[in-house]
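In what follows, a single structure is set out as structure tokens and then discussed.
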Amino acid sequence: MLNEIIQTIPQVLIDGLTLGTVYAVIALGYTMVYGILELINFAHGEIFMTGAFIGTTLLLLFTGIGWISALPAIVMLLTVLIITAVLTGLLGMGIERLAYRPLRHAPRLIPLITAIGISFVLQDIVRFIAELSKGSYIVTGPNLFTNQLLLKTSSISSIFNDASIKASFVIVLVTAVVMMIGLDIFVNRTKWGMAMRAVAQDRETASLMTVNVNKVIAITFFIGSALGGATGVLFAVQYGTIDPYIGFILGLKAFTAAVLGGIGNIRGAMLGGLLLGVLEMFASANLTLLTGGVFGAEYKDVFAFAILITVLLFKPEGLLGKPATEKV
Amino acid sequence: MKKIWKKYEHNKLAHGIFLLIYIGVTSLSLYLAQKSVTAFLLLLSSLLLLYYTKFTNLTKWLVAGIVLVFLLPFTASHGDAYQSYMEVSTLVGIYIAMALGLNIVVGMAGLLDLGFVAFFAVGAYTYSIFASSQASHFMPFGTFPLSGESFWIFIVIGCLVAALFGILLGIPVLRVKGDYLAIVTLGFGEIIRIIFNNLDRPVNITNGAMGIPSVTPPRLFGIDFLYPSQFYFIVLVILLITIFTVRRFEHSKIGRSWKAVRENEIAAQSMGIPLVRTKLLAFAIGASFSGMMGVVFAAKQAFVDPTSFTLLESFTILVMVVLGGMGSVPGVILGASVMTILNLQVLSELTNWLNQLSLSGIISIPYALSPAKMQRLIFGAILITFALYRPQGLIPAKNRRFDEKELQRLNRKAISENKKIEQKGV
């Protein structure tokens, strides 16, 4: 049994890392907003989904025009990524302005409820548009980067099987890593990043130090949503088929990743995302084997939630977070 | 106009006459025009009018009882649409009870529970497993399905099992702060659904995605309950008990501690309210209503499968609570009725009407825009609008008013009695 598990490890690692980077970048959006407003932005998963749809539409459009033959695919993907990121970033800012800012002093239950509402409205609007223009809300994007690479892991040691990699995996991984490093530099090295950290620490004191709090919050939403939207495009490229309801569960898992790494902590979110992705893939590949067929791969969602509940119970501050002391 | 309004605002007789005329006209029109959904809805809305009259509570309950027990079933019973009206009313009752349960958790105790439908599922499965041949797959003893008489016991069992699940969920979850609670309960709701969906292996307990067919109908004095018109009365009785219980809880010590916990946990704790026990009780009681109605639902549908218990259901119940007014019992009843009727009647009627219009070629509405599919948009819009502009809901919650002088008098009485006891002791 152990042999079989070890054999599949290279493939599990690769699939898990792909999923993990997606989780990690979405988790960044949750963690940034939580760090600054102490609000779970339920609509973030839907922003990711909207990004996937915008990206697929643009890709289909460009393919239709025939740019794909004129331009290298990677340039086209980059263009699409940037346009989508800007659009979803603006969407995120709009949501903040419309649904969260008026409620900043309301009881904490209320913004959560608007967040759920926003996420429902977005789901349905995307469904309308997709269904009106395509006839079905399940949309398949153009096939890009489909050539398979074979990673000869068996040559390292004979206990491993070979792993196959889609070319898009490399693109997803590289883009996501670039985005994460970019964000890390932005938050830790720039003036706006410093303002962001200041607002996260203490909103009122920051505003006394002439930090424009509203602007900083808007920028936080812009960046988080832009990253989420761009990840949506990557997701669509990697997995091909998308529908308006992918955002919810995926967002929930990304939130789990954020909690796992320590909510409010940006590096923690990255770590948590990667960890969760690998763990989930490991579970879905080996759960049947480990439990002797009692639990199948269909329990992988349960597995992710179980991780969330365990973390919240035993280490609510997460892997990299600092334990918060409650002041009265 | 204002003058006339002022004059009749406090005139009980005018209220009474108007209400009687209203009820008379609507029930007559329902009696004569059996197919008219409008008449049916107008008759139901007479209860809302009744709520706003100035009569004593006893009168209101009596009138409501007459309308619901006699008038509504009688006037609707002369056409083909009878069973569908009763079906709608039964479902309205089921959803009201669930929304009242969620109202305790969200509205009174302030704990956002997004997986509430899980308890409904637990109740439904509890009955349907034992009231169908399903239980013989794994139970070593006993003959299944159980007879229809067991339904009445199962209402209590479903209630208890759901309460147990509420506590089991509550114990780990309540260590978690407010916002996390929403996520964890959401996850719990999904876990329950996935488990029910996959529990056909290794031991076939729930029959997986296939669902459990042919659940035994309830039976009382040799009569099988098969039609919605019969379930209507079961639901009515349970609903009455539920409303009564909720109102008693609301103004009891535990109800006040829920509200205190909602407003400020730390302050409540420092006033000597046991935090964990109070929250657990809210979870358990809220869940138990839902479990009870789950049993009724399973018996009514005679078929249970995991697709009835999706996230959307949990959110529907949340929308009912938010729409009606968090913490307000009459508000939640109104919210639940409006949402259920909107879902079952208004949207489907609108869809039919639009379909007919596009069939006859007057306008063409694309299939994607048919109102029946717009549930999510409507729910979302309601949640946003109400959270932003009217967070207290349609009928805001009221705290009971106490008469200051009456309280002082009671207080003096208590003091003087204490003195008497002290003097006797000396």
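The values are calculated or read from the model by the stated rules, or taken from the named source; none is laboratory data. Values in this document were obtained by computation on a predicted structure and should not be read as measured data. Note that each Cβ is placed from the backbone with ideal geometry, even for glycine, and that neighbours are counted across all protein chains shown. Heavy atoms of the whole protein, side chains included, go into the accessibility calculation; ligands, DNA and RNA do not. Shrake-Rupley method; radii C 1.70, N 1.55, O 1.52, S 1.80 Å.
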Filter the stretch B:279-315 down to the residues that are of a type in the set (Ser, Thr, Tyr) and at pLDDT below 85 and list them by number. B:Thr307, B:Ser308, B:Thr310
Given the stretch A:168-283, what helices (runs of 4 or more DSSP H) lie entirely inside it while holding 3 or more residues that are within 17 Å of the chain's Cα centre (by Cα)? A:213-239, A:246-261
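Conditions (1) closer than 30 Å to B:Leu111 by Cβ; (2) at the interface with chain B (Cβ under 7 Å from one of its Cβ atoms); (3) outside any helix (DSSP H, G or I), marked per residue:
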| position | (1), (2), (3) |
| --- | --- |
| A:Val80 | no, no, no |
| A:Thr84 | no, no, no |
| A:Leu87 | no, no, no |
| A:Leu90 | no, no, no |
| A:Arg97 | yes, no, no |
| A:Pro111 | yes, no, no |
| A:Ala115 | yes, no, no |
| A:Phe120 | yes, yes, no |
| A:Glu131 | no, yes, no |
For the stretch B:320-334, does any single residue satisfy the condition of being open to solvent by 10 Å² or more (accessible area, probe 1.4 Å), free of Cβ contacts under 8 Å to residues at least 40 places away in the same chain and part of a helix (DSSP H, G or I)? no
For the stretch B:57-87, what are the residues that are more than 20 Å from B:Gly24 (Cβ to Cβ) and either of a type in the set (Gly, Ala, Ser) or buried (at least 23 other Cβ atoms within 10 Å of the Cβ) (or both)? B:Ala81, B:Ser84
Does any residue of the stretch A:10-27 turn out to be free of Cβ contacts under 8 Å to residues at least 40 places away in the same chain, part of a helix (DSSP H, G or I) and either open to solvent by 50 Å² or more (accessible area, probe 1.4 Å) or over 23 Å from A:Gly272 (Cβ atoms) (or both)? no
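Okay, residues lined up against (1) touching a residue at least 12 places away in the same chain (Cβ under 8 Å); (2) open to solvent by less than 20 Å² (accessible area, probe 1.4 Å); (3) in contact with a Phe, Trp or Tyr (Cβ under 6 Å, 6 or more places away or on another chain):
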| position | (1), (2), (3) |
| --- | --- |
| A:Ile165 | yes, yes, no |
| A:Thr175 | yes, no, no |
| A:Met180 | yes, yes, no |
| A:Asn188 | no, no, no |
| A:Ala218 | yes, yes, no |
| A:Val233 | yes, yes, no |
| A:Gln238 | yes, no, no |
When you scan the stretch B:231-253, how many residues do you find that are more than 29 Å from B:Ala282 (Cβ to Cβ) and surrounded by fewer than 18 Cβ atoms within 10 Å (Cβ to Cβ)? 1
If only one of A:Ile249, A:Ile307 is open to solvent by 30 Å² or more (accessible area, probe 1.4 Å), at pLDDT 80 or above and within 14 Å of another protein chain (Cβ to nearest Cβ), which one is it? A:Ile249
Exclusive hit being within 21 Å of the chain's Cα centre (by Cα), farther than 27 Å from B:Ile155 by Cα and surrounded by fewer than 16 Cβ atoms within 10 Å (Cβ to Cβ), set B:Leu13, B:Leu49, B:Leu32: B:Leu49
Would you check which residues across the stretch B:400-426 are surrounded by 10 or more Cβ atoms within 10 Å (Cβ to Cβ) and either in contact (Cβ under 8 Å) with a residue 12 or more places away in the chain or in contact with a helix residue (DSSP H, G or I) (Cβ under 6 Å, 6 or more places away or on another chain) (or both) and list them? none
Look at A:Val170 and say whether it is open to solvent by less than 90 Å² (accessible area, probe 1.4 Å) and either modelled with pLDDT of 85 or more or in contact with a helix residue (DSSP H, G or I) (Cβ under 9 Å, 6 or more places away or on another chain) (or both). no
